[in-house]
Every structure is written in C-alpha cells, then in structure tokens.
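Here the structure comes first, spelled out in structure tokens, and everything after it is commentary.
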Amino acid sequence: MAENPDTIPESKDCKPAKYCKPVLKGYLRRNISFNIMVALISAAASGAAYQYFIVEKRKKNYAAFYRDYDAEEEFKIMKKKKGLFQSG
C-alpha cells in the first residue's frame with residue numbers, strides 16, 4: 001500500500017496527521033549538552049594530536065641538538081672568530 005506524501009509517518013509523540021507540533025521543550029538543553037560534548041571531544045583530540053605530532057618531534061630535535069652541543073666551543077668561536085665579547 002502506498003503512503004500518502006501529505007502525511008507524516010507515525011512517531012512516538014505524533015500520531016499520523018497532516019501537521020505535528022514541533023518539539024520545543026528541552027531543545028536548548030539537549031542542543032547545549034550535545035555541543036559541549038562535541039567541543040570536549042574535539043579539544044581532547046586536538047590536544048592529543050598536537051602533543052604527538054608537534055611536541056614529541058620538538059623534544060626529539062632538542063635532544064639531538066644538545067647531545068653534541070658544546071657550549072665552551074661555541075663561546076670560543078663567538079669570541080675569536082666573530083669578535084663578540086670585546087670590552088673597552
């Protein structure tokens with residue numbers, strides 16, 4: 001049997017009729033709670049992605065740089081070759 005396109009199918013609060021009243025009670029609360037959950041999940045995912053892709057790579061690069069870094073040698077280079085640290 002074909003359904004009449006002018007009627008709305010039966011739902012829990014609305015019997016088959018031409019028009020049903022919109023559900024307004026509690027809509028704002030449901031919408032806000034849904035948006036808060038989406039915001040929290042996306043913030044957690046963004047934070048985890050930033051930590052994994054940016055921070056860990058940066059820590060590894062700093063560790064690799066300072067593994068072979070000699071501050072005294074850099075000081076000697078700046079003092080003699082570049083002429084820095086001259087007073088008077």
Residues located in segment 16-35, provided they are surrounded by 10 or more Cβ atoms within 10 Å (Cβ to Cβ), at pLDDT 60 or above and assigned to a loop (DSSP other than H, G, I, E, B):
16, 20, 23
Restricting attention to segment 65-87, report how many residues are at pLDDT below 85 and either in contact with a Gly (Cβ under 9 Å, 6 or more places away or on another chain) or in a loop (DSSP other than H, G, I, E, B) (or both).
7
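The values are calculated or read from the model by the stated rules, or taken from the named source; none is laboratory data. Note that this is a predicted model, so its numbers are computed, not measured. A quick note on method: Cβ atoms are made from the backbone with ideal geometry, for glycine too, and the neighbour counts reach across all protein chains shown.
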